[in-house]
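Have a look at the structure below before the remarks.
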Amino acid sequence: MNPGYSLWQLVQYMTKLGTVGFGGPVALVGYMHRDLVEERKWISEADYKEGLTLSQLMPGPLAAQLAIYLGYAHYGVAGATLAGVAFVLPSFVMVIALGAAYVAYGGLTWMQAVFYGVGAAVIGIIAISAYKLTTKSIGKDKLLWAIYLVAAAVTVVTESETVWVFLIAGVLVWLVRAPPKRWLPKGGSAGGLAFADQAFTASALASTADWSVLAQIGVFFAEAGAFVFGSGLAIVPFLYGGVVNGHHWLTERQFVDAVAVAMITPGPVVITVGFIGYLVAGFAGASVAALATFLPCYLFTIIPAPYFRKHGKKPGIVAFVDGCTAAAIGTIAGAVVVLGRRSIVDWPTLLIMASAVLVLWRLKKVPEPLVVAVAAAVGLVVYPLLKG
């Protein structure tokens, strides 16, 4: 069946989203739904839900995995590869440029001021995305609403996303709506968990070996990409533990700046690995860090994708996907609160956030990058006055 769009059109879209898509993983998955499902109708609601569920269940950066899956939906491995590269490459180039400036000028003093304004506006963007996803996907289903609220509460309390929330939610809806006639065959997911445990132990041992710096970067960031669930925000504590406390590659100040760079650049938040890699070992370090982080999530998406495509319409799978989707959107709503605590710190940031929500809600034609640019300018003006 003709999908109604070319692979080149999808690559162009992903390149543009990677270039101007602000707001981190939560906002990015919302943009993909709005643009590809609602407006252009390139992707069906069912395919989007399958992609979102698979991205939530597998470790690695959420938005990049969804982009890879949506590329796979109609154009297979070639589509997945090109969509993934197109989505990640623009922000990678940006963080390399910022890394070069950071090294040349001994830190970016303006960054805190920009992040002050942008961070607040981004919360508004994410809140709008979370609201739209909630109303579109949860509807009036009481069971899904219960799962949504529990997932949101768990995210707010733990300040992290856990795969067990998605799995339990999926199984619960599956048992309620389409209970199995027989139990799962032998050798189910326990084998996968055992493999993951073995792989983690092996990679941990490998990271203690006395390898060259590039090899150490490759092993560490492959662990980050392969074993951290949730969004790009969930990877930050893992990176901090290894980059600052473990390998002592960066100081705490440099690491905070690296996270700020990821937040003020469009595209996936996980691209901060490129900036960190650049500070440690230049362009080669940035390239190895980015490749090592994104390769596992690419493989974790395209390998199970054929199974999702083949069996995704069965009632049990549909029920499981619905439950996982409700939990996923709940965690996205919870992430708004978690991030808001860090970004909304005083009345000017509250005002910036409220203004962003109002503008995007009332003036639907205003593009998000313009809102982000105005917020950055406000931050550059207001932050020095408050801290001066």
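The values are calculated or read from the model by the stated rules, or taken from the named source; none is laboratory data. The structure presented is a predicted model; accordingly, all values stated were derived computationally and were not measured. With ideal geometry, Cβ positions are generated from the backbone for all residues, glycine too; neighbour counts draw on all protein chains shown. Calculation scope for accessible area: heavy atoms of the full protein, side chains included, ligands and nucleic acids excluded. Shrake-Rupley method; radii C 1.70, N 1.55, O 1.52, S 1.80 Å.
Within segment 303-343, what residues put their amide N at less than 14 Å from the label point 7 Å along the Cα-to-Cβ vector of LEU149? Residues 330 fall inside that zone. A straight chain from LYS314 to HIS247 at 0.36 nm per residue would run longer than the Cα-Cα distance by 19.4 nm. Whole angstrom only: what separates the Cα centroid of segment 310-388 from the Cα centroid of segment 60-130? For segment 310-388 versus segment 60-130, the Cα centre distance is 15 Å. By the equivalent-ellipsoid construction on the alpha carbon gyration tensor, segment 312-388 comes out with semi-axes of 36, 16, 9 Å, ordered largest to smallest.
Grouping the Cα pair distances of segment 118-168 into 5 Å bins from zero gives a pair-distance distribution of 4, 17, 20, 26, 21, 8, 3, 0 percent in increasing distance order. Here the accessible area is traced with a 1.4 Å probe on the protein chains. For the chain, carbon and sulfur cover 70 percent of it. Both radii come from the Cα set of segment 30-149: Rg as radius of gyration, Rh as Kirkwood radius; their ratio Rg/Rh reads 1.06. Normalized C-alpha radius of gyration of segment 276-332, against 2.2 N^0.38 Å? After normalising by residue count via 2.2 N^0.38 Å, the value is 1.71.
Between ALA104 and VAL77, the simple label model (points 7 Å from Cα in the Cβ direction) yields a spacing of 4.1 nm. Just checking the listed ones, PHE294, PHE238, PHE221: in the Gaussian network model of the chain with Cα springs under 10 Å, the one fluctuating most is PHE238.
The Cα-based radius of gyration of segment 1-85, divided by its Kirkwood radius, gives an Rg/Rh of 0.92. In a Gaussian network model over the chain where Cα atoms closer than 10 Å are linked, find which of THR331, THR135, THR155 has the largest mean-square fluctuation. Comparing THR331, THR135, THR155 in a Gaussian network model of the chain, the most mobile one is THR135. For ASN2 and LEU363, the difference between the fully extended length at 0.36 nm per residue and the C-alpha to C-alpha distance is 126.5 nm. Structure remark: mean-square fluctuation, Gaussian network model of the chain, C-alpha springs under 10 Å; the largest value among VAL321, VAL243, VAL213 belongs to VAL213. Shown in residue order for segment 344-353 are the 3J(HN,Hα) couplings computed by the Karplus curve 6.51 cos²θ - 1.76 cosθ + 1.60 at θ = phi - 60°: 9, 10, 7, 5, x, 5, 4, 5, 5, 4 Hz (x for Gly and Pro).
Figure note: TYR13, TYR307, TYR105 ranked by solvent-accessible area, largest first, 1.4 Å probe, ligands and nucleic acids not counted: TYR105, TYR307, TYR13. If you plug the beta carbon distance of ILE303 and GLU45 into 1/(1 + (r/R0)^6) with R0 = 22 Å, you get a FRET efficiency near 0.35. Once the Cα-Cα distance is subtracted from the 0.36 nm per residue extended length, the TRP164 to VAL213 segment shows a gain of 14.2 nm. The residue list TYR298, LEU351, VAL336 was ranked by how far each Cα lies along the charge dipole of segment 277-371 toward its positive end, using unit charges on Cβ atoms, and TYR298 comes out on top. Taking every protein chain into account, the accessible area of the chain amounts to 45 square angstrom per residue (probe 1.4 Å). Note on segment 90-141: the C-alpha convex hull projects to 5.2 nm² when averaged across all orientations. Using every pair of separate Cα atoms, the Kirkwood estimate puts the hydrodynamic radius of the chain at 21.3 angstrom. In this simple spin-label approximation, LEU386 and VAL20 carry label points 7 Å from Cα along the Cα→Cβ vector, and these lie 2.8 nm apart. Spread over its residues, the convex hull of the C-alpha atoms of segment 236-388 is 178 Å³ per residue. Here the scattering of segment 69-109 is modelled by Debye summation over its C-alpha atoms, one equal scatterer each and no solvent; at q = 0.23 Å⁻¹ the log10 of I(q)/I(0) is -0.68.
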